[in-house]
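What follows draws every value from the coordinates through simple rules; no lab data is involved. Note that this is a predicted model, so its numbers are computed, not measured. Because the Cβ atoms are built from the backbone with ideal geometry, glycine has one as well, and the counts that use them run over all protein chains shown.
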Amino acid sequence: MADGKTGGAKSGEALLFLTDEQLRKGIEAMFFAYRGFTADPDRILEKYGYGRAHHRAVHFIGRSPGTNVNNLLDILGVTKQSLNRVLRTLVEDGLVESRVGAKDKRERHLFLTEKGLALEAELSEAQRARMRAAYREAGHEAVAGFRRVLEAMMDQDQSEHFNAVKEGKG
């Protein structure tokens, strides 16, 4: 693998020398892409009086049924108080079920109810449709490169959570 200093890395070589303006444009593109990516779910959530914190909780509980509260805290990187407020609403509204742990009675394991599964499907389909269209337009090589860029931007703990969820372990 070429290191860019010897001139052997053809496709990545130019990327090592991006100007500040090019980086700024990339940051702005990420910002506006995120706004677009969250716009459809935000409209859906608004109908229920929920926000993005509810969406993130529903998403990760749906991806890892039975996850415990501490794991969800680690994944989301929020305070216990903040997560408890969100979970309380989701449980009261019948979207999430909290079950006592079989091995440790202090643990609470989280599962989406039928209603929660329906909301998660609606939210994720909106985002999948946007991603599918963007990926189709960008092409296979761009998609692979984009994913490498996103993974390279993750902090170590975020990368570990991402890989655990990706492998069905989280």
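For segment 33-166, give the magnitude of the charge dipole about the Cα centre (Cβ charges: +1 Lys/Arg, -1 Asp/Glu; no others), in debye to the nearest 20. Please report the intermediate quantities before stating the final value.
Values: 22 positive and 19 negative charges, 29 e Å.
About 140 debye.
Arrange the following residues from fewest to most other Cβ atoms within 10 Å of their Cβ: T79, T38.
Numbers: T79 10, T38 16.
The most exposed by this proxy come first: T79, T38.
At 222 nm, what helix-only mean residue ellipticity would the chain give, in deg cm²/dmol to the nearest 500, using -39500 (n - 2.57) for each DSSP H run of four or more? Walk me through the numbers on the way to the answer.
Numbers: 8 runs with 116 residues, N = 170.
Computed ellipticity for the chain at 222 nm equals -22000 deg cm²/dmol.
How far apart, in nm, are two points set 7 Å out from the Cα along the Cα-to-Cβ line at T38 and at M153?
1.3 nm
Once you put a point 7 Å from the Cα of E97 and another 7 Å from the Cα of N163, both along the Cβ direction, what distance in nm separates them?
Output for this residue pair reads 3.4 nm.
With a cut-off of at most 12 other beta carbons within 10 Å, and DSSP calling the residue loop, which trypsin sites (Lys or Arg not before Pro) in segment 110-170 qualify? Please list them.
Passing sites in segment 110-170 are K169.
Pairs of alpha-carbon atoms within less than 8 angstrom and 6+ residues apart define the contacts here; what relative contact order does the chain have, in percent?
Averaging sequence separation for qualifying contacts and normalising by length gives 20 percent for the chain.
Once the piece of chain linking A138 and L16 is laid out straight, how much longer is it, given 0.36 nm per residue of separation minus the C-alpha distance between them?
Additional length available on full extension: 41.8 nm.
Of F162, V143, V96, which is farthest on the positive side of the dipole of the chain, counting Cα position, with +1 on Lys and Arg Cβ, -1 on Asp and Glu Cβ, and the Cα centre as origin?
Result: V96, furthest along the dipole toward the positive end.
Taking the structure as given and computing semi-axes √(5λ) of the Cα gyration tensor in Å, which label from [x] 40, 18, 15; [y] 29, 20, 12; [z] 36, 20, 14 fits?
Checking each listed value against the structure points to [z].
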